[in-house]
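Data block below; observations after.
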Protein chains: 2
Amino acid sequence: MSSHAPIGRKVTLNDIAAGCDVSRATVSLVLRGSPLVHKLTRARVEDELRRQGYVYNRAAANLRRRSSSSIALILNDLANPFFAEFAAGVDEALGAAGFVTLLGCTGESAEREQAVLGSLLEHGPGGIILSPAERSNAHDVLAVVGRRAPLLLFNRELGGTLPEFAHWDQLMLDNQHGARLATEHLIARGHRRIAFFGGHHDSSSCRQRHAGYVEAMHTARLRTEPDWRIECAPTRLDAAHRASALFDATHTPTAAVCYNDAVALGLMLGLHQRGLRPGQDFALTGFDDIAEAALGMPSLTTLSTAPHERGRQAAQLVMQRLQQPQAASCQTIAPVQLVVRESSCPPPTA
Amino acid sequence: MSSHAPIGRKVTLNDIAAGCDVSRATVSLVLRGSPLVHKLTRARVEDELRRQGYVYNRAAANLRRRSSSSIALILNDLANPFFAEFAAGVDEALGAAGFVTLLGCTGESAEREQAVLGSLLEHGPGGIILSPAERSNAHDVLAVVGRRAPLLLFNRELGGTLPEFAHWDQLMLDNQHGARLATEHLIARGHRRIAFFGGHHDSSSCRQRHAGYVEAMHTARLRTEPDWRIECAPTRLDAAHRASALFDATHTPTAAVCYNDAVALGLMLGLHQRGLRPGQDFALTGFDDIAEAALGMPSLTTLSTAPHERGRQAAQLVMQRLQQPQAASCQTIAPVQLVVRESSCPPPTA
DNA sequence: TCTCGCTTTTGGAACGATCCAGAACGGCAC
DNA sequence: GTGCCGTTCTGGATCGTTCCAAAAGCGAGA
């Protein structure tokens, strides 16, 4: 009753050819819409394809054509909405172009990244979109990827630059500029003691955002205390735990530029638990503009990165590279935009 | 300088065989760890594999073996953290077992679902995990999938049951029981006028949750007004917009059982905008226990579904089916657990 | 009828792996 | 030397497609 019938032998080109009395080659031409086949023949073949329920075997075709119809997407953290939306954008654009997305998650582990890269490469992707794990480095990635597929680096740079590095395309966010904008905004609001909260110094994007913060502070002739640089994992949970570190400083800050939205939302919670009202007693900004940012209480001032759109862009860049393997490698820096909301209040004393 | 060198011809079994003077067949045996090859031969071959930087071509192997090493994962909405975490769980378990995840997003469109299914099938996945779009129906899915791969239905049932339906495995959440628990909890807190907020009646999971709510209300001999059933898309944004509908009712409710966490968080925002404090002036519950639920202000009482774990489970179920294609189809209902937090306060008048 | 040129069709060799039947080898007993 | 056995290795066919060179079909003009 509920047992599965045996999966019947797959229908192949030969079956179709036999079914309507033409050669395998002709059926193949029909499938690919060649103008060489006669109208009537085409119609007969197409009927037969439908009748037998034929499904194209792309793997076999790719083998013969030495082509590929898939792109590997390797992410450090799918649970982060920023990457989830990015992935949705990648898949949308790839799917529209007839490519299929091979997914791989690394969970911020460089070892898993190696394993995942190796495994996905065996499936012969035409290209790779890689958002590297925090400790990932160029040498190891090069060792496993080599010249087997073009690579697009997203969001973070890799540690340990190599000569071959120039062969990889890059799609980065304008981290330094964005953090600078956020910091300038807080300064304009009247803050003088501003912390930089969250992220690890291992990550290039974090270093860049920190640099933007420092740049803005120095330009405004404001000091930056070592106490005002608080590291934590780029997750809500860890940020909430580390919130208290802000108030261990000798000069306690009145505002914080956060590494990203996840960290900022976590910090809000941490402040809340200390009896402080974010957006009233303490100002903060995020980075990424994930969906929750607009809906938080208070809503979060942040830098919009349009992750879905970045995903589509990444897909475009990889497909472009497939068409022109010899073109010079490109380094794209996506602009970010300051979105002012409630969390970036003036300091309470002002 | 920064131009790409031509991607060299791929290293194949033949190259390795020639390189260490054995036959192609022997190299193949080495790759698969066969005990038939002599220890010394094995060592020589393995050296050569490393020396030439060989990468296994799984597509070619699968073609000959008529096997598959991939599973298709088709989701209605990756931007929802519930599904993103589910996807991470699926990928984790599949990756550990040597499978690769073929990703496809449908964006709640049944047409896209058809297209995505068709496209992914051409890559010959060994199985399919499908979280259907809202309007998806069994007939259309059967027409494109047929017997070409075993299918696991996740989270939602399909409209329009068919005789062949029994061939598909299912992994569902215990929606009715969960919603009942949430409703009973609110009743125990002292609420009498409770609404059911969000979701569409098209979705089987929504109907089940609503049924659980009705069950609890009737068991407690409480009335349910038609005004207290407010539909909206299962997203934060739409829920926020529809919040006011709660107060159009003749008897305004003091609490709401929400379709899921996204809706509940959106409703919180909507309440906030009306000057009501969720968790103080109005009680609500969610469903899913996504990461934000614990961190909200107030934190959200909800039903824990452990999406990451559900993902791993889904992967296990599909792989199990691959090993035993003939076994009876299984319908798994994953338990859910009530997590009481701040949002489910007693009614203000109590 | 024969040849030319154009359209349409075709057989067989790839692609890179696996499978299978049997070969080569060495040792050991007769 | 011969037969037998177990271990180790191998050539060729095969999976489902594409490519290519060449064949077949067909009017028209000589």
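The values are calculated or read from the model by the stated rules, or taken from the named source; none is laboratory data. Model, not experiment: these values are computed from the prediction. Heads up, the Cβs are rebuilt from the backbone with ideal geometry, glycines too, and the neighbour counts pull from every protein chain shown.
Please enumerate the residues belonging to region B:201-248 that are polar (S, T, N, Q) and surrounded by 15 or more Cβ atoms within 10 Å (Cβ to Cβ).
B:Ser203, B:Ser204, B:Ser205, B:Gln208, B:Thr224, B:Thr235
Take the conditions at pLDDT 95 or above, touching a Cys at 6+ places or on another chain (Cβ under 9 Å) and within 12 Å of chain B (Cβ to nearest Cβ) and apply them to A:Ala88. Does it pass? Spell out the reasoning first.
On the way: at pLDDT 95 or above: yes; touching a Cys at 6+ places or on another chain (Cβ under 9 Å): yes; within 12 Å of chain B (Cβ to nearest Cβ): yes.
When the stated conditions are applied, A:Ala88 passes them.
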Item to check | Among (1) in contact with an Asp or Glu (Cβ under 7 Å, 6 or more places away or on another chain); (2) exposed (fewer than 14 other Cβ atoms within 10 Å of the Cβ) - the single one A:Gly19 does not satisfy | outcome: (2)
Checklist outcome for this item: Reported set for region B:279-318 where residues are touching a Phe, Trp or Tyr at 6+ places or on another chain (Cβ under 7 Å) and among the hydrophobic types (A, V, I, L, M, F, W, C) is B:Phe287, B:Ile290, B:Leu303, B:Ala314
Checklist outcome for this item: So the helices (runs of 4 or more DSSP H) completely within region A:243-350 holding 2 or more residues that are free of Cβ contacts under 8 Å to residues at least 40 places away in the same chain are A:261-273, A:307-323
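Would you confirm whether any residue within region B:87-95 is within 16 Å of DNA strand C (Cβ to nearest atom), crowded, with 21+ Cβ neighbours inside 10 Å, assigned to a helix (DSSP H, G or I) and among the hydrophobic types (A, V, I, L, M, F, W, C)? Before the answer, list the steps.
Just the residues of region B:87-95 that are within 16 Å of DNA strand C (Cβ to nearest atom), to begin with: none.
Scanning region B:87-95 turns up no residue that is within 16 Å of DNA strand C (Cβ to nearest atom), crowded, with 21+ Cβ neighbours inside 10 Å, assigned to a helix (DSSP H, G or I) and among the hydrophobic types (A, V, I, L, M, F, W, C).
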Item to check | Any pair with Cβ under 7 angstrom, 6 or more apart, that starts in region A:9-38 at a residue that is within 14 Å of chain B (Cβ to nearest Cβ) and ends at one that is part of a helix (DSSP H, G or I) and near DNA strand D (Cβ under 9 Å from one of its atoms) | outcome: A:Leu13/A:Arg24; A:Leu13/A:Val27; A:Leu13/A:Ser28
Item to check | Residues of region B:19-66 that turn out to be near DNA strand D (Cβ under 9 Å from one of its atoms) and closer than 22 Å to A:Ala61 by Cα, as a count | outcome: 7
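Only residues that are assigned to a loop (DSSP other than H, G, I, E, B), under 16 Å from B:Tyr54 (Cα atoms) and within 9 Å of DNA strand C (Cβ to nearest atom): list them for region B:24-42, please. Explain how you work it out, then say what you get.
Of region B:24-42, the ones assigned to a loop (DSSP other than H, G, I, E, B) are B:32-38.
Filter once more, so that each one left must be under 16 Å from B:Tyr54 (Cα atoms): B:32-33.
Once the filter is applied, which keeps residues that are assigned to a loop (DSSP other than H, G, I, E, B), under 16 Å from B:Tyr54 (Cα atoms) and within 9 Å of DNA strand C (Cβ to nearest atom), region B:24-42 yields only B:Arg32.
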Next on the checklist: When you scan region B:69-82, do you find a residue that is at the interface with another protein chain (Cβ under 8 Å from one of its Cβ atoms) and within 12 Å of DNA strand C (Cβ to nearest atom), even just one?
Outcome noted: yes
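Quick one: is A:Ser343 over 17 Å from A:Arg156 (Cα atoms) and at pLDDT 95 or above? Spell out the reasoning first.
Working: over 17 Å from A:Arg156 (Cα atoms): yes; at pLDDT 95 or above: yes.
So A:Ser343 fits the description; yes.
Being polar (S, T, N, Q) and farther than 26 Å from A:Cys105 by Cβ narrows it down to one of B:Asn57, B:Asn76, B:Asn14, B:Asn80, so name that one. Break it down stepwise before answering.
Working: B:Asn57 fails: farther than 26 Å from A:Cys105 by Cβ; B:Asn76 fails: farther than 26 Å from A:Cys105 by Cβ; B:Asn80 fails: farther than 26 Å from A:Cys105 by Cβ.
After ruling out the rest, the residue left standing is B:Asn14.
Look at B:Ala59 and say whether it is under 29 Å from A:Arg147 (Cβ atoms), touching a Gly at 6+ places or on another chain (Cβ under 7 Å), within 14 Å of chain A (Cβ to nearest Cβ) and part of a helix (DSSP H, G or I).
On the way: under 29 Å from A:Arg147 (Cβ atoms): yes; touching a Gly at 6+ places or on another chain (Cβ under 7 Å): yes; within 14 Å of chain A (Cβ to nearest Cβ): yes; part of a helix (DSSP H, G or I): yes.
Against the criterion (under 29 Å from A:Arg147 (Cβ atoms), touching a Gly at 6+ places or on another chain (Cβ under 7 Å), within 14 Å of chain A (Cβ to nearest Cβ) and part of a helix (DSSP H, G or I)), B:Ala59 qualifies.
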